[in-house]
């Protein structure tokens, strides 16, 4: 707390948001609305013949829902605007050259931008505890609900701060839509039958406040109905039941650390020099996310082949997003070559294929190994084909990200956006064309789809391989050749950057 009180960025937000008249106005409005809502619930309970306990439970639930909306939603948008608005006013460059360290600047914005939302939640705390007393709730559950609300909101704020850092001018509305969608998905969306893991967002706080037990019974039925049964606060971690409260706290704190790491790493850099994670940090984040997926997966709901397909599908999202975060802009690549042209040449030519391929291989190997030990006796499971699918997946991810890296080194405005549009159009055209030729539904033609799309490899087994082994081998060869071709194109891009006067002068010196 003392570190924040001496943080110039945090003090600036205090002076901006917590002026005395504003504090008194918000406190009066919050307390007045609390009194009106509390009076309404009590009188409504009397009219309907419900007891004070039932009215208190409803009031407690509503109080935490409102605070989650205010702190997570309002605070998240405030964090989203904190850096973006400074860039829009051309004042962020001044903040980057101040004596504040990267960590101090990031923490000042993380806790300073949503200060007004924290104030409103503090003003709503009296009605919350009053409702808990009426409901006969346990104080430990109410305090735990506030811990969930706070930690989950901070995790969401740190994500929005990172999003605010990387947004370009004119994309604020898109960022808000993405932010609100993530808030809904992490707080309300259910993972269904795939994972025994409850939502990690702040909207778990209302349910936890109204619960009356810390027991974690083992789920007795699979599927999305498990979430609403007696075990609605139970997660299965490697098959063992654990209460959702410590799981949510630990995972949200770890996610906060990963988001803040990217912010601190880049907040004082020029936008052209952004590189969210270093190679080792990228690998660590990919390993962390895959371990979370494997730890809470429900192994009983699907066959091993379907299970690996789902794991690889999740890794498409994970590694694609992290791979895009690894991409280097033209200015970033030029600055690295300027620093040491002789050392950076080959590393720049291959970037980011080696580190991305290593992460994809690790993810595929982890999934295949876990399924091997849990389904080794299954007749439809073949460890060799599992590794083959993982290798195909690795080549495909590395090929696409390498294409994006090549395009990102082109001169012009927003080359990465243009490259993503080209890649999206390619997949749309390939899906429609292959669908028209029957390659997506006729078993004998499915192997030909592997020449253009990665999806057929998810159903690759001995029967599919025996139908056309030469076509499958050609599919592997095509992806490998394309990867090599993009590396060749990137080598030409790197050489053209090395030939620029600034880089050439450093090399000659």
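Taken over segment 314-346, the residue count meeting the criterion of being touching a helix residue (DSSP H, G or I) at 6+ places or on another chain (Cβ under 9 Å) and either at pLDDT 75 or above or within 17 Å of residue 419 (Cα to Cα) (or both) is 23. Just a yes or no: is a residue in segment 281-295 in contact with a strand residue (DSSP E or B) (Cβ under 7 Å, 6 or more places away or on another chain) and within 28 Å of residue 237 (Cβ to Cβ)? Yes; the residues of segment 281-295 include at least one that is in contact with a strand residue (DSSP E or B) (Cβ under 7 Å, 6 or more places away or on another chain) and within 28 Å of residue 237 (Cβ to Cβ).
So, residue 4, is that one at pLDDT 85 or above and farther than 23 Å from residue 209 by Cβ or not? Here the answer is no, as residue 4 does not meet what is asked. For segment 296-322, a residue qualifies if it is farther than 23 Å from residue 399 by Cβ and out of contact with any strand residue (DSSP E or B) (no Cβ under 9 Å at 6 or more places or on another chain), and the qualifying residues are 299, 300, 301, 302, 303, 304, 305, 306.
Yes/no matrix, rows are residues, columns are (1) assigned to a helix (DSSP H, G or I); (2) modelled with pLDDT of 85 or more:
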| residue | (1), (2) |
| --- | --- |
| 401 | yes, yes |
| 404 | yes, yes |
| 416 | yes, no |
| 440 | no, no |
| 447 | yes, no |
| 452 | no, no |
| 457 | yes, no |
| 465 | yes, no |
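Of all the listed residues (487, 471), the sole one being in a helix (DSSP H, G or I), modelled with pLDDT of 75 or more, more than 31 Å from the chain's Cα centre (by Cα) and closer than 26 Å to residue 388 by Cα is 471.
Please verify whether residue 69 is within 28 Å of the chain's Cα centre (by Cα) and free of Cβ contacts under 8 Å to residues at least 24 places away in the same chain, treating the condition exactly as stated. For residue 69, the condition - within 28 Å of the chain's Cα centre (by Cα) and free of Cβ contacts under 8 Å to residues at least 24 places away in the same chain - is met.
Has segment 147-159 got at least one residue that is in contact (Cβ under 8 Å) with a residue 40 or more places away in the chain, more than 24 Å from residue 247 (Cβ to Cβ), in a helix (DSSP H, G or I) and over 20 Å from the mean Cα position of the chain (by Cα)? No, segment 147-159 contains no residue that is in contact (Cβ under 8 Å) with a residue 40 or more places away in the chain, more than 24 Å from residue 247 (Cβ to Cβ), in a helix (DSSP H, G or I) and over 20 Å from the mean Cα position of the chain (by Cα).
The values are calculated or read from the model by the stated rules, or taken from the named source; none is laboratory data. Keep in mind the model is a prediction, meaning the values are calculated, not measured. Counting neighbours? That spans all protein chains shown, and the Cβs are built from the backbone with ideal geometry, glycine included.
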